[in-house]
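Written out below as structure tokens is the structure these notes cover.
Here, each number is a calculation from the coordinates, and none is a lab measurement. Model, not experiment: these values are computed from the prediction. Cβ: placed from backbone, ideal geometry, glycine included. Neighbour counts: every protein chain shown.
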Amino acid sequence: MVKVMPESVKRAIELIGLFVLGTIVVVGNTIIMPLLMAFFFSLVLLPVFRFFKKIRVPEVVAVFLPILLLTIVVVLIIWLFSSQLGALLDDFPQIQRTVAKHLDDLSIWISRSFGYSPAEQVKFINEQSKKLFSSLGGVLSGAAGSLSGIIIFIGLLPIYIYFIILYRNLFLKFMLMWFKKDEYQNVEEIVRQTEKMIKSYLVGLLIQITYIIVLLGGTLWLFGIRNALLIGIIFAFLNLIPYLGALIGNILSVLLTLASSESLLDVLIVLGAITAVQFLDNNILMPRIVGSQVKINPLVSIVGIIVGGVMAGLSGMFLAMPVLSILKIMFDRTENYKQWGVLLGDERPVKSELQI
């Protein structure tokens, strides 16, 4: 007689499994995150690889060429950003004068509003500066460690992509061996929808970056805002992190504008342009580009992004949404885990189940 496992035991095993998986990601994120990123980029590059194979390019070369194209795109983006950053540094004397004026105005406002004299403000700043410099050594060592991690990450990425594409059939066979033959059709459907979703998501992000830089940078340039293109680039890339990235992008754009302009009108123009571009992006452009792909509710998205950032840093925040989308695809097509798919989705029941 076969004993059926109680539902409470199943749920407990699922939660323990989530905890163990999270621990593995935290401990081994320097290994797991480059592999995960390489997997997503491999799915995007597969159509390019198949095109080269179709025109009878040798397989090894057909795998290498898409990676080369991706590298060229990344190098162009880095060159564009560094050139704009260089232009900003050329204006450093002017920025110093502008920042000094804003600080003087702020000091006068604090003195009038709260009764703290400029001497007291300087004393407070000096005290905080001493505390800051005392911990600067730890910060710099951490930054050096992060920089070395980024270099290793970028160095491993093309190698991982190359071998994932080259041995794609081996990985697929390994995955199918975990299932019975009558489950192959369901597994194939999950794989196909995952590939379609990831390609749509990442290509959509690339298009999104391009039109945000053009729209925001071009609009600010027409209004005569200094460093317009740099603001567009910074906001476009921060906007890749849903919800939180746009907030950080607004703050950095305002600070960059204050550093290069004495007029508060310029700040209002920047905020107005960002609001208009975000409205077009969220309501018109991005829905048409990505289409009706897997949708995750905002609460799960925000929590997932924060958890991803805590577990694996910036790469974890960036990969949170595609990982959640893949999990939802898998949960929706697995009878034992459909409730998790409902929790991740954004479909709200018209009536409460308790009322029904």
- Message: How far apart, in nanometres, would the label points at residue 15 and residue 111 be if each is projected 7 angstrom from Cα along the Cα-to-Cβ direction?
- Response: 5.9
- Item | Rg(Cα) / (2.2 N^0.38 Å) computed for region 294-348, rounded to two decimals | 1.12
- Quick calc, region 294-348, dipole around Cα centre from Cβ unit charges on Lys, Arg (+) and Asp, Glu (-), nearest 20 debye, gives 20
- Excluding residue 42 itself, what net charge comes from residues whose Cβ is under 13 Å from its Cβ, given Lys and Arg +1 and Asp and Glu -1? +2
- Projected area of region 200-293, taken from the Cα convex hull and averaged over every viewing direction, in nm²? 5.3
